[in-house]
Amino acid sequence: MSEEFLKNPLSLFDIKAKTAIVTGASGAFGALSAKVLAGAGANVTIAANNAEGLKKLAGECDALGGGKAEVIAKRPSSEANCDAIVKAAVDRFGRVDILVVASGQNKVSKIVDQAAADFLDVMDANVTQSWLMARAAGRQMLKQGQGGKVILMSSARGLLGHPAGYTAYCASKSAVDGITKALGCEWGDTGITVNALGPTVFRSPLTAWMYEDSDRARDVRKGFLARVPKGRLGEPADLAGPLLFLASRASDFYTGHILYADGGYTAG
């Protein structure tokens, strides 16, 4: 094995001039992913329904002084949309090297109260759309013949249950884990790696209340943090390093894995 990398080990994480697609880019993790990748020098095609939000995010990515941003106001909710997202990246930047599927949703309800349609909506958003987007981007990567990086969004809830009405969400994230493992095997000899990030609670607009100095927030935090060895809730920066690792050649020998960014929550 060549040891040329030892002269500059940080080169293993270099993604300058790579082309990335980020779906769900208007959400907390999607926006973070786009900015991390752009700040590291990759060109990013950002996709979501929120056109105005994407335009603002594109400006923030461009202002980082690394890669450039392309906007496409589509969700990966159909084969046609997924193909269009990939085409937008190829038309602007010539190729696709990295895919981050950050789109998804949760509908919390006890199983006896949840409508079947809501269960199916969660499965579609988290599972089917991940599969469709991985297929569309994978076709382009295989055509290029130079490998690639597929990063799906899992959760600690893909491994662990939850008593508060998470049957749809837990099932969907377990399915994402299954896609990650199966596709990691399927594409193992192509140079395309397939991995997933599995966070627990991290700071976002949806979870901001848990970080507040209120009786309810303190009570919830106390119960939750009793299970977290690191003793704190997650911050966006806690996902940035694992994302860059999975998007770069530093992770070339890793595929089919779920990387838990959870402060040790799933270890206990």
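The values are calculated or read from the model by the stated rules, or taken from the named source; none is laboratory data. Everything numeric here is computed off the predicted structure, so don't read it as measured data. With ideal geometry, Cβ positions are generated from the backbone for all residues, glycine too; neighbour counts draw on all protein chains shown. Protein only, heavy atoms only, side chains kept; ligands, DNA and RNA dropped before computing areas. Shrake-Rupley method; radii C 1.70, N 1.55, O 1.52, S 1.80 Å.
Using a Gaussian network model on the chain with a 10 Å cutoff between Cα atoms, which of 153, 141, 210 fluctuates the most?
Looking only at 153, 141, 210, the biggest GNM fluctuation is shown by 210.
Keeping every protein chain in place, order 121, 219 by accessible area at 1.4 Å, biggest value first, i.e. largest first. Could you put the intermediate results ahead of the total?
On the way: 121 65, 219 110 Å².
From most accessible down to least: 219, 121.
Give the lysines reachable from residue 7 as a straight Cα distance under 23 Å; neighbours fewer than 8 places away on the same chain don't count.
Counting by Cα, and skipping residues close in sequence, residue 7 has these lysines nearby: 16, 18.
To the nearest 20 Debye, how big is the dipole of the stretch 145-239 about its Cα centre, given +1 on the beta carbon of each Lys and Arg and -1 on that of each Asp and Glu?
Values: 12 positive and 9 negative charges, 56 e Å.
Taking the Cα centre of the stretch 145-239 as origin, the dipole is about 260 debye.
Write out the trypsin sites (Lys or Arg not before Pro) in the stretch 175-235 meeting two conditions: DSSP loop, and at most 13 other Cβ atoms within 10 Å of their Cβ.
Numbers: sites: 181, 203, 216, 218, 221, 222, 227, 230, 232; in loops: 203, 227, 230, 232.
When the trypsin sites (Lys or Arg not before Pro) of the stretch 175-235 are filtered for loop state and at most 13 Cβ neighbours within 10 Å, 230, 232 remain.
Take the Cα atoms of the stretch 1-126, find their three principal axes, and give me the spread along each one in whole Å, biggest first.
Result, largest extent first: 60, 34, 25 Å.
Report the rotationally averaged projected area of the stretch 1-47 based on its alpha-carbon convex hull, in square nanometres.
Spelled out: convex hull of the Cα atoms, projected over all directions, averaged, 3.9 nm².
Let me check something: with ligands and nucleic acids excluded, how do 21, 111 order by accessible area (1.4 Å probe), largest to smallest? Intermediate values should be presented prior to the final figure.
Working: 21 0, 111 120 Å².
Order by accessible area, largest first: 111, 21.
Over the Cα atoms of the chain, compute the convex hull volume and normalise it per residue, giving Å³. Write out the running numbers ahead of the final one.
Numbers: hull volume 38.6 nm³, N = 268.
Taking the convex hull of the Cα positions in the chain, it is 144 Å³ per residue.
Multiply the residue gap between residue 84 and residue 203 by 0.36 nm, knock off their C-alpha separation, and tell me the result in nm, one decimal place. Can you show the working numbers first?
On the way: separation 119, 0.36 × 119 = 42.84 nm, distance 3.12 nm.
Length gained between residue 84 and residue 203: 39.7 nm.
Quick check for you: with a 1.4 Å probe and neighbouring chains kept, what is the accessible area per residue of the chain, in Å²?
Values: 12870 Å² over 268 residues.
Using a 1.4 Å probe on heavy atoms only, each residue of the chain averages 48 Å².
Starting from the coordinates of the alpha-carbon atoms of the stretch 207-268, obtain the Kirkwood hydrodynamic radius over all distinct pairs and give the value in Å to one decimal. Provide the component values of the computation, followed by the final result.
Working: mean 1/r = 0.0741 Å⁻¹.
Kirkwood radius, the stretch 207-268: 13.5 Å.
Using a 1.4 angstrom probe on the protein heavy atoms only, line up 194, 90 by accessible area, largest first.
90, 194
Where does the charge balance sit around residue 240 when Lys and Arg score +1, Asp and Glu -1, over other residues with C-beta under 14 Å from its C-beta?
Values: positive: 35, 203; negative: 235, 238.
Surrounding charge for residue 240 is 0.
For the chain, calculate the relative contact order in percent as a whole number, restricting contacts to Cα pairs under 8 Å that are 6 or more residues apart. The partial results should precede the final answer.
Values: 537 pairs, mean separation 47.0, N = 268.
In percent, rounded to a whole number, it is 18.
Quick check for me: using +1 on Lys/Arg Cβ and -1 on Asp/Glu Cβ, what's the dipole size of the chain about its Cα centre, in debye to the nearest 20? Show your work: numbers first, answer last.
Details: 30 positive and 26 negative charges, 31 e Å.
Computed charge dipole of the chain: roughly 140 debye.
Lysine pairs in the stretch 66-171 8 or more apart or on different chains: how many have alpha carbons under 19 angstrom apart? Let's see the in-between values first.
Numbers: 68/87; 68/149; 74/87; 87/143; 87/149.
Count of close lysine pairs: 5.
Tally up the carbon and sulfur contribution to the accessible surface of the stretch 1-146 as a whole percent, 1.4 Å probe, everything protein left in place. Show your work: numbers first, answer last.
Values: 3800 of 7100 Å².
Heavy-atom surface of the stretch 1-146 belonging to carbon and sulfur, 1.4 Å probe: 53 percent.
Using alpha carbons only, how many degrees (0 to 90, rounded to 10) separate the axis of helix 129-144 from the longest principal axis of the chain?
In the chain, helix 129-144 runs at an angle near 10 degrees to the longest axis.
So if I take the alpha carbon set of the stretch 65-201, get Rg, then get Rh from the Kirkwood formula, what is the Rg over Rh ratio? Can you show the working numbers first?
Working: Rg = 15.9 Å, Rh = 15.8 Å.
Taking Rh as the inverse mean 1/r over Cα pairs, Rg/Rh reads 1.01.
If r is the Cβ-Cβ distance from residue 11 to residue 105 and R0 is 35 Å, what FRET efficiency results, to the nearest 0.05? Let's see the in-between values first.
Numbers: r = 38 Å, r/R0 = 1.08.
Calculated value: 0.40.
Residue farthest toward the positive end of the dipole of the stretch 113-198, with Cβ of Lys/Arg at +1 and Asp/Glu at -1: which of 182, 172, 117?
The residue sitting most towards the positive pole is 182.
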